[in-house]
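Since the structure comes first, as structure tokens, the remarks are kept for the end.
Just so it is clear, none of the values below were taken in a lab; they were calculated from the coordinates. If you're wondering where the values come from, they're calculated on a predicted model, not measured in any experiment. Note that we place each Cβ from the backbone using ideal geometry, even for glycine, and neighbour counts take in every protein chain shown.
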């Protein structure tokens, strides 16, 4: 983790921190914004010159979360991706400007589930399918079969 508080870390410092790690995978997680309130979906980015294994697997795992939309896999020359010495991806977890996705982003359980799915994709690319084990506290909520999201509505706790 590059930061442990809600503070801005300059981009060059982020790159230095990611490149200081050995045998690492850099994942930058953000939430998007749009003037069009109906725009929705997560997006995954990787640098055009890098292998896209991580970027391709992440959406497959995120689509297992009910009520999600895939905004696609894109290449970008973002500094954190371009200057990385390790595999690097940037994940936009949805749109804060979309009422539904903004509500999900405020829900800690949803953010934990999102992070779990990203971790699952990373482990599978590195160690193969089936190598990842969802933590027990998420397993019951991860893929509900009754049509619900498996998550409590924001503000219900």
0 to 90° range, to nearest 10: angle between helix 53-62 axis and the chain longest Cα axis: 10
Gained length - residue 17 relative to residue 78, 0.36 nm times residue gap less alpha-carbon distance: 20.4 nm
Taking the stretch 11-128 and dividing mean pair separation by its residue count, relative contact order in percent (alpha carbons under 8 Å, at least six apart): 37
Theoretical FRET efficiency, 1/(1+(r/R0)^6), r = Cβ-Cβ of residue 99 and residue 64, R0 22 Å, to 0.05: 0.45
Whole-angstrom gap from the stretch 1-41 to the stretch 70-117, using each part's C-alpha centre: 9
Structure-based [θ]222 nm, the chain - -39500 (n - 2.57) summed over DSSP H runs of at least 4, per residue, nearest 500: -10500 deg cm²/dmol
Read-out Rg and Dmax of the Cα atoms in Å, derived from the coordinates shown; its label in [x] 15.8, 46; [y] 14.3, 42; [z] 15.1, 48: [x]
